[in-house]
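What follows is a short report on a single structure.
The values are calculated or read from the model by the stated rules, or taken from the named source; none is laboratory data. All values derive from a computational prediction rather than experimental measurement. Positions of Cβ are backbone-derived with ideal geometry, glycine not excepted, and every protein chain shown enters the neighbour counts.
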Amino acid sequence: MTLRRSLLALLPALAVLSLLAVLAADAAGGDSLVLLDAGPVARIGAPVAANLADLAAALTLGGAVVAGWLLREEADRTRALGIVAGAAAATTLARGASLTFSYAIATGQPVGSPRFGSDLGVFLATELGVWLLCGLLAAAATTTVAVLGTSVGLARAVAVLSSVVAFAAAMTGHAAGDETHEIATSTMLVHLLAVGIWLGGLAVLQVLTGRSRDDVRVLRGFSHLALICWIALALSGVLALAVRMNTPAELLTSAYVQIGLGKAVVLLLLGLLGALQRRQLATGLGTDAEGRRALGTYRRLALLELALMGLAVALAAAMSSSPPPAEEGTPPAGTAGTLTGYPLPPAPDLVTVLGQWRPDPFGAALACVLLLLWWRPSAPPRPRGRSLQLLLGTAALVLLTSGPLNVYGKVLVSAHVLQHVLLLVPAGVLLGCAMTLPPRLRTLLEGRWPLAALLAAAGPLLLAACYISPPLLRAALDSHAAHLALQLLALAAGALIALAVRLAPAPRRAWVAAVPLLLGAAGGIALRSTERLLAASWFGATGRTWRADALADQQSAGTLVLVVVVLVALVAGGVALRIRGRRG
């Protein structure tokens, strides 16, 4: 009971910290130029509402993850999901208030003024308005699902929906068009997901019954999740701060950078606390004298960790309300700079291409999460072959999302197509080969090879549909959110192919594997033969002086797809012959 009282006593302190951070940031930005002042209610209310929404969303996401993957008792899951439902409702209300205040600031209309709301439809049609509305609707959907029951599947559904809320919030964080927009939104997404799982999960664990709160199995599982979140926060935070700086001298002159350094110090302290907690878990939490001492130490460290995380959230609120030193909103010169947000890369040759890199925090974070989930402490022993497949798959993921194809993919059809084809195979296929076969999927496809073939074809067909549809392809080029979604679709399509082939009956696996190969060959031939340029208003308007014939570049993309199909067929055939030889 003392622990719960201490936890409840922390909440007002965290709220005060956040409010003070917001007020300090507002005072620091008081000299900035505004066309029309929306009044103190909107000016102060907007960051306060956004901060409260982020805190409630963190509690929703972290509680849903704990309930869906860690808790074993129905009573514990019921209590956790009750907290999650309340937090989801608070998120919805705070998101609604945030949308209202953002509209007031954007239009310069004080809340409650006679014309307030007259042009709300125009605001909701803007990029900021769309994402604010999407976040509000996703939060409302999360609340609805959270009150429907207490099953494991429902808890996981709530976790997925609350991740969508974080995604929408990340997309509102920075203006489109500046050179660091994609990196900024990706790092924001990684930050919100990592903080949500860590902060929300730790808070929910503290209000469970003593038996579940002190369950070593649950605590070790959450400790591993916290380690993943800590690494994600550290990597994304360093990159986010680096792209917002002009020179290292701003470490001494810029308040924004100094607040970022303060967050880094807090994160280091949190890492130290995590190491101490893992040491207590290794010692063992029990009912004997030594176990009780270890348990008491662990609880006190958890409370201190929550306090430090609240301080980090308050510092983040101050950063989000303060202008970074690097200029935003001014795209590089030229047509390509206007379209992509970064300068037109040089003409591709072997040496030049190898030097073109544009780090993608989301792809790197996804690769790290996959590796750390694979080598979690409670995982069963893994075959060496599967571990090698995972390493190769994650390495391919990072290379394809941060390397030369990520740079040239926005200006060349061939690079854009090749990036997604290689995300499908080898990256997605290797990850699918390393995955543990889902029992439900095994039951569904057992003895049904036509269904397995349909599953193998679903991903490539969806990917082709995105390329055939001009609005979808243009959205993937113009919107960072759609760009990430298309990359994830290609990766998931490759993983589904691998799972479908593995689950198909042995005599029919070759037939199942042939389906995506035939679809790939058909796509390559179509790109070779068509006279219609994909996304002509984009790829035909980048202002390239090299490879200026976009249609010829698209035809070369078809050739590259056919080469990949042939190589995959040869590799698959060689693997099949090797397996057959071993059996023989």
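Answer with yes or no whether ALA94 is buried (at least 19 other Cβ atoms within 10 Å of the Cβ) and within 27 Å of GLU74 (Cβ to Cβ).
Values: buried (at least 19 other Cβ atoms within 10 Å of the Cβ): yes; within 27 Å of GLU74 (Cβ to Cβ): no.
So ALA94 does not fit the description; no.
Return the residue satisfying two criteria in turn: it lies in region 277-287 and is surrounded by 15 or more Cβ atoms within 10 Å (Cβ to Cβ) and at pLDDT 65 or above, and of such residues it is farthest from MET309 (Cα to Cα). Spell out how you get there, then give the answer.
To start, the set of residues in region 277-287 that are surrounded by 15 or more Cβ atoms within 10 Å (Cβ to Cβ) comprises 277-278, 280-281, 283, 285.
Then drop every residue that is not at pLDDT 65 or above, which leaves 277-278, 280-281, 283.
On the way: GLN277: 15, ARG278: 18, GLN280: 20, LEU281: 21, THR283: 25 Å.
By that ranking, first place goes to THR283.
I need the full set of residues from region 450-466 which are of a type outside the set (Gly, Ala, Ser) and more than 23 Å from the chain's Cα centre (by Cα), in order please. Explain how you work it out, then say what you get.
Taking region 450-466 first, the residues of a type outside the set (Gly, Ala, Ser) are 450-451, 454-455, 460-463, 466.
Residues satisfying the conditions are PRO450, LEU451, LEU454, LEU455, LEU461.
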Matching residues, region 137-152, being touching a residue at least 60 places away in the same chain (Cβ under 8 Å) and under 23 Å from the mean Cα position of the chain (by Cα):
ALA139, THR142, ALA146, VAL152
So which of ALA572, ALA513 is at pLDDT below 95, assigned to a helix (DSSP H, G or I) and either among the basic types (Lys, Arg) or surrounded by fewer than 19 Cβ atoms within 10 Å (Cβ to Cβ) (or both)?
ALA572
Going through region 351-398 in order, the residues found to be in contact with a Pro (Cβ under 8 Å, 6 or more places away or on another chain) and at pLDDT 90 or above are LEU392, GLY393, ALA396
State whether one or more residues within region 109-119 are in contact (Cβ under 8 Å) with a residue 60 or more places away in the chain, in contact with a Pro (Cβ under 8 Å, 6 or more places away or on another chain) and either hydroxyl-bearing (Ser, Thr, Tyr) or surrounded by fewer than 20 Cβ atoms within 10 Å (Cβ to Cβ) (or both).
no
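Restricting to region 38-88, give me the number of residues that are within 30 Å of VAL111 (Cα to Cα) and touching a Gly at 6+ places or on another chain (Cβ under 7 Å). I'd like the intermediate steps shown before the answer.
At the first step, the residues of region 38-88 found to be within 30 Å of VAL111 (Cα to Cα) are 38-60, 85-88.
Among the residues that remain, those that are also touching a Gly at 6+ places or on another chain (Cβ under 7 Å) are: 38, 57-60, 87.
Of the residues in region 38-88, 6 are within 30 Å of VAL111 (Cα to Cα) and touching a Gly at 6+ places or on another chain (Cβ under 7 Å).
If the requirement is being closer than 13 Å to VAL413 by Cβ, of a type in the set (Lys, Arg) and in the same structural domain as ALA452 (by TED's automatic domain parsing), which of these qualifies: ARG547, ARG508? Step through it out loud before you land on a result.
Details: ARG508 fails: closer than 13 Å to VAL413 by Cβ.
ARG547 is the lone residue from the list that is closer than 13 Å to VAL413 by Cβ, of a type in the set (Lys, Arg) and in the same structural domain as ALA452 (by TED's automatic domain parsing).
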Pick from region 520-555 the residues that are touching a helix residue (DSSP H, G or I) at 6+ places or on another chain (Cβ under 6 Å) and basic (Lys, Arg): which of them is surrounded by the most Cβ atoms within 10 Å (Cβ to Cβ)?
ARG547
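Kindly check whether there is at least one residue in region 343-350 that is buried (at least 16 other Cβ atoms within 10 Å of the Cβ), among the acidic types (Asp, Glu) and at pLDDT 75 or above. Reasoning before the result, please.
So the first thing to find is which residues in region 343-350 are buried (at least 16 other Cβ atoms within 10 Å of the Cβ), and the list is 344-345, 348.
Restricting the remaining residues to those that are among the acidic types (Asp, Glu) gives none.
Within region 343-350, none of the residues are buried (at least 16 other Cβ atoms within 10 Å of the Cβ), among the acidic types (Asp, Glu) and at pLDDT 75 or above.
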Since ARG528 meets every condition but one in (1) of a type outside the set (Asp, Glu); (2) in a helix (DSSP H, G or I); (3) at positive phi, which condition does it not meet?
(3)
Given (1) without any contact (Cβ under 8 Å) to a residue 60 or more places away in the chain; (2) exposed (fewer than 15 other Cβ atoms within 10 Å of the Cβ), VAL501 misses just (2)
